[in-house]
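Here's the structure we're looking at; comments come further down.
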Amino acid sequence: MQRRNKKDNGGIVYLLTNSCYEKENTYKFGITINPFERKRIQKNSTPPTHPFYNRIVIFSPYYKKIERWLKDKFMKEGYLLKGDGGKEWVKADFDDLLNIYKEALFLFPKTEMCFGGRRYRCENGTIEKRKFPNCRLDLLGIIDGEEIKCIQDGKLFKVQGNKIVVDGSIITLTKYINQYHKRNGNTNEHNGYQYFTYKGVLIYDMWQNLVGVK
């Protein structure tokens, strides 16, 4: 199985739910280094009626330690559910869970949390709210050598870091799109991630699905 390169933000700690579970204050937590990796499904399978979505996402090189810390914390607070799959499910008011995830920012360095389309990190002993995070291909599970497609001209480009390889040069997605539009007489600035797809899915939509709508 192909996996992305782990760089400064080693992995992802998530808290997800769906419309049904959230009504019951029930959430699933866990870790991954590829949030869009899916197991093989049967050809005749149908999409879930109530799909899961992320409520909180943490990026950290200490993602494994954070998961273990969360499990101990949830168990101590009585939030951890028992039974099949109970090790990854909790039942509690969302605000209480959010406060626990925020607490992890104080305990683990180089850790950022995304919630509600904003990002948070601990600076000088306080949690600071920052602007909407820039899209990261590696955090979407798109690794070096994989291809993404430009929806403007239909061309495929190999990924290198958070950029693409174009005629032997490595440039950003935004630079390529701005060059494309200038060649066609449009000098407006564009967000490159809105013009590329990965396996048929718009990259910008993947990012918003991961960190929350801007």
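As a test of the formula, what do you get for the chain when each DSSP H run with n ≥ 4 contributes -39,500 (n - 2.57) and the sum is divided by the residue count, at 222 nm and rounded to the nearest 500 deg cm²/dmol? That comes out to -7500 deg cm²/dmol.
Of the residues LEU80, PRO51, GLN179, the one whose Cα sits farthest toward the positive end of the charge dipole of the chain, with +1 on the Cβ of Lys and Arg and -1 on the Cβ of Asp and Glu, is GLN179. Scattering from the C-alpha atoms of segment 152-209 alone, worked out with Debye: what is log10 I(q)/I(0) at q = 0.18 1/Å? Taking Cα atoms of segment 152-209 as identical point scatterers yields -0.62. For segment 105-173, lysine pairs separated by 8 or more sequence positions, or belonging to different chains, with Cα-Cα distances below 23 Å total 7. How high is the FRET efficiency from PHE52 to GLN194, r the C-beta distance, R0 30 Å, rounded to 0.05? E(calc), rounded to 0.05, equals 0.80.
The shape of segment 102-206 can be summarised by an equivalent ellipsoid whose semi-axes, obtained from the alpha carbon gyration tensor, come to 32, 16, 12 Å from longest to shortest. Note on the chain: with charges restricted to the Cβ of Lys and Arg (+1) and Asp and Glu (-1), its dipole about the Cα centre is near 380 debye.
Solvent exposure of the chain amounts to 59 Å² per residue of accessible area, where only protein heavy atoms count and the probe is 1.4 Å. Which percent of the accessible area of the chain is formed by carbon and sulfur heavy atoms (probe 1.4 angstrom)? With neighbouring chains kept in place, the figure for the chain is 47 percent.
Between LYS129 and LYS102, residue separation times 0.36 nm minus the direct Cα-Cα distance comes to 8.6 nm.
Residue by residue, segment 101-108 carries 3J(HN,Hα) couplings of 4, 5, 4, 4, 5, 6, 8, 10 Hz when phi is fed to the Karplus relation 6.51 cos²θ - 1.76 cosθ + 1.60 (θ = phi - 60°); x denotes Gly or Pro.
For the chain, the relative contact order comes to 20 percent (Cα pairs under 8 Å, sequence separation of at least 6). Taking 15 Å as the straight-line reach from the Cα of LYS91, the aspartates and glutamates in range (excluding those fewer than 8 positions away in the same chain) are GLU22, GLU24, ASP72, GLU77.
The values are calculated or read from the model by the stated rules, or taken from the named source; none is laboratory data. Computed from a prediction, not measured in an experiment: that's the story for all the values here. Virtual Cβ from ideal backbone geometry, glycine too; neighbours counted across all protein chains shown. Heavy atoms of the whole protein, side chains included, go into the accessibility calculation; ligands, DNA and RNA do not. Shrake-Rupley method; radii C 1.70, N 1.55, O 1.52, S 1.80 Å.
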